[in-house]
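Any read-out appearing in this document is the output of simple, stated calculations on the displayed coordinates, not a laboratory observation. A quick note: this is a predicted structure, and the numbers were derived from the prediction, not measured. Virtual Cβ from ideal backbone geometry, glycine too; neighbours counted across all protein chains shown.
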Amino acid sequence: MSRYAFLILPSHNRVYADAAPSMARAELAVLSAALPDGTIEDGSVEETVIGGVPYVTFQADGLSERDTALLANLSSLYALFEVTGTTGSELLRPVPLRRLDRFDDDLLTILKYAGKTNEQFTKLLLNVTLASSAFAREVLPPESRRLAVLDPLCGRGTTLNQALMYGFDAYGMDTDRRDVEAYAVFIQRWLKDKRLKHQADFFPVRRDRQVVARRLTAEFAASKDDYKAGDVQRLEVVEADTTRVAEFFRKASADLVVADLPYGIQHGSHAGGERKALARNPLELLRAAAPAWAKTLRPGGALGISWNTLVARREDAAEALAAAGLEVLDSAPYHAFRHRVDQAINRDILVARRPEDS
Ligand SMILES: C[S@@+](CC[C@H](N)C(=O)[O-])C[C@H]1O[C@@H](n2cnc3c(N)ncnc32)[C@H](O)[C@@H]1O
């Protein structure tokens with residue numbers, strides 16, 4: 001049994017305030033259940049001050065390189081150490097971290113707008129959803145499978161960018177014309193600025209001579225050789241109502257579905273704010289869209305949502321997911337993500353899985 005300690009990113013406390021420690025522990029608990037080789041001892045996760053600095057510490061047995069390659073992606077983790085020595089004279093040995101990240105951070109941070117889902121929280125939601133699916137191990141070396149992530153309420157693409165950051169394919173839908181346009185402009189600019197070999201297009205989708213949607217498609221690779229070999233990441237965003245997801249994305253084509261539901265309140269002075277305030281109540285939207293979202297998931301895939309508990313109860317949101325044929329995950333860590341965002345928003349997470357035999 002070895003002891004580990006990790007330093008938390010300073011921004012984690014700014015995002016979650018009082019809930020920061022419980023968020024970090026819950027994410028660690030969900031990820032630890034998906035470790036391919038080692039195990040983290042139940043109940044061993046705690047906060048410990050070493051040399052006057054707070055760390056999250058835990059006991060683990062047989063952590064392999066693949067295990068640390070998964071833990072390295074924890075949204076709160078800054079640096080990981082193995083702890084030796086005795087209390088008061090600890091020695092910290094840095095554990096080399098091989099994160100999934102494959103691009104510069106600015107992919108996630110450049111776009112700033114009212115209504116943006118915090119990028120650190122988005123990473124947490126994606127991580128927890130990934131760890132709850134049957135596919136967490138497949139994303140690690142040597143397999144390094146490229147998953148397909150769908151955000152059916154993608155806004156200006158925070159989830160899509162986090163998925164691309166991990167080397168996955170990213171698919172999105174949103175009704176807000178300005179959001180989809182702003183994202184299309186951003187990502188095409190970013191691909192050019194980073195000199196990544198790519199092809200991108202943003203065009204109207206016509207049926208019977210009517211424009212029924214607009215669609216952004218892009219293909220790119222981290223290196224020219226990968227691009228030539230056809231080893232590309234795909235991005236596709238459709239401007240249309242999310243209940244129409246089956247018109248644009250094939251059944252069982254997404255490994256993960258991740259969405260931050262509308263908060264049911266107006267977002268500050270955002271130009272689209274009024275329209276968004278008039279949007280459907282988040283629970284109604286979830287009830288209407290969850291069956292179609294569930295069908296886009298592969299068996300063994302997982303869906304993770306976040307929403308404002310001040311406008312919709314957890315039990316009702318869980319019922320909507322269960323009614324869509326998904327298994328809602330209900331163990332203790334999944335109940336430890338609730339946190340305050342501001343006066344009008346208390347955010348929570350629900351994760352559900354499409355049964356492997358469905
Ligand atoms: C909380 S925001 C998501 C923000 C996004 N994660 C981001 O960081 O940009 C919810 C999104 O749901 C979209 N939305 C609401 N109702 C929708 C519907 N029926 N179909 C598609 N998108 C919808 C809104 O336009 C909004 O962008």
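What do you get for Rg/Rh over the chain if you use C-alpha atoms and the Kirkwood form of Rh?
Details: Rg = 20.3 Å, Rh = 21.1 Å.
In the chain, Rg relative to Rh is 0.97.
Considering only DSSP beta bridges where both residues belong to the chain, give the percentage that are antiparallel (nearest 5). Mind dumping the intermediate values first?
Details: 53 of 70 bridges.
Taking every DSSP beta bridge within the chain, about 75 percent pair in antiparallel fashion.
Using only DSSP helix segments of four residues or longer, with each worth -39500 (n - 2.57), what per-residue ellipticity at 222 nm results for the chain after dividing by its residue count and rounding to 500? Don't skip to the end; give the middle numbers.
Values: 12 runs with 109 residues, N = 358.
So the helix-based figure for the chain works out to -8500 deg cm²/dmol.
For the range 46-165, give the share of DSSP beta bridges that are antiparallel, in percent and rounded to the nearest 5; count only bridges with both residues there. Display every interim value, and only then the final one.
Numbers: 11 of 11 bridges.
For the range 46-165, the DSSP antiparallel bridge percentage is about 100.
When Rg is the radius of gyration of the Cα atoms in the range 128-254 and Rh is its Kirkwood radius, what does Rg/Rh come to?
Values: Rg = 14.9 Å, Rh = 15.3 Å.
Rg/Rh for the range 128-254 comes to 0.98.
With axes computed from alpha carbons, what is the tilt in degrees of helix 119-132 against the longest principal axis of the chain, rounded to the nearest 10 within 0 to 90?
Taking Cα atoms only, the helix is inclined about 80 degrees.
Could you tell me the relative contact order of the range 209-358? Use alpha-carbon pairs under 8 Å, at least six residues apart, and round to a whole percent. Display every interim value, and only then the final one.
Details: 226 pairs, mean separation 32.9, N = 150.
Relative contact order comes out at 22 percent.
What angle do you read, to the nearest 10 degrees and between 0 and 90, between the alpha-carbon axis of helix 20-32 and the longest principal axis of the chain?
90
At 7 Å along Cα-to-Cβ for each site, give me the label-to-label distance between ASP201 and ALA79 in nm.
4.8
Which of the peptides 199-205, 133-139 is most tightly packed, and how do the rest follow, judged by the mean count of other Cβ atoms within 10 Å per residue? Can you show the working numbers first?
Details: 199-205: 13.1, 133-139: 18.7.
So the peptides 199-205, 133-139, ranked by packing, come out 133-139, 199-205.
Arrange SER2, SER223 by Cβ neighbour counts within 10 Å, fewest through most, would you?
Listed from fewest to most nearby Cβ atoms, that is SER223, SER2.
Which of the lysines could be linked to LYS123 by a straight reach, that is with a Cα gap under 21 Å, when you skip same-chain ones fewer than 8 residues away?
LYS112
What angle do you read, to the nearest 10 degrees and between 0 and 90, between the alpha-carbon axis of helix 314-323 and the longest principal axis of the chain?
Value to nearest ten degrees: 60.
Between VAL49 and GLU247, what's the calculated FRET efficiency when r is the beta-carbon distance and R0 is 45 Å? Round to 0.05. All intermediate terms of the calculation are to be shown ahead of the outcome.
On the way: r = 55 Å, r/R0 = 1.22.
Efficiency, rounded to the nearest 0.05: 0.25.
Project the alpha carbons of the range 28-104 onto their principal axes and report the range along each, largest first, in whole Å.
Projected onto its principal axes, the Cα set of the range 28-104 covers 37, 31, 18 Å.
Where does each of GLU65, GLU319 land when they are ranked from fewest to most other beta-carbon atoms within 10 angstrom?
Values: GLU65 12, GLU319 16.
Result, fewest neighbours first: GLU65, GLU319.
Taking neighbour Cβ counts within 10 Å as the exposure measure, how do TYR334, TYR171 sort from fewest upward?
Details: TYR334 20, TYR171 25.
The fewest-first ordering by Cβ neighbours comes to TYR334, TYR171.
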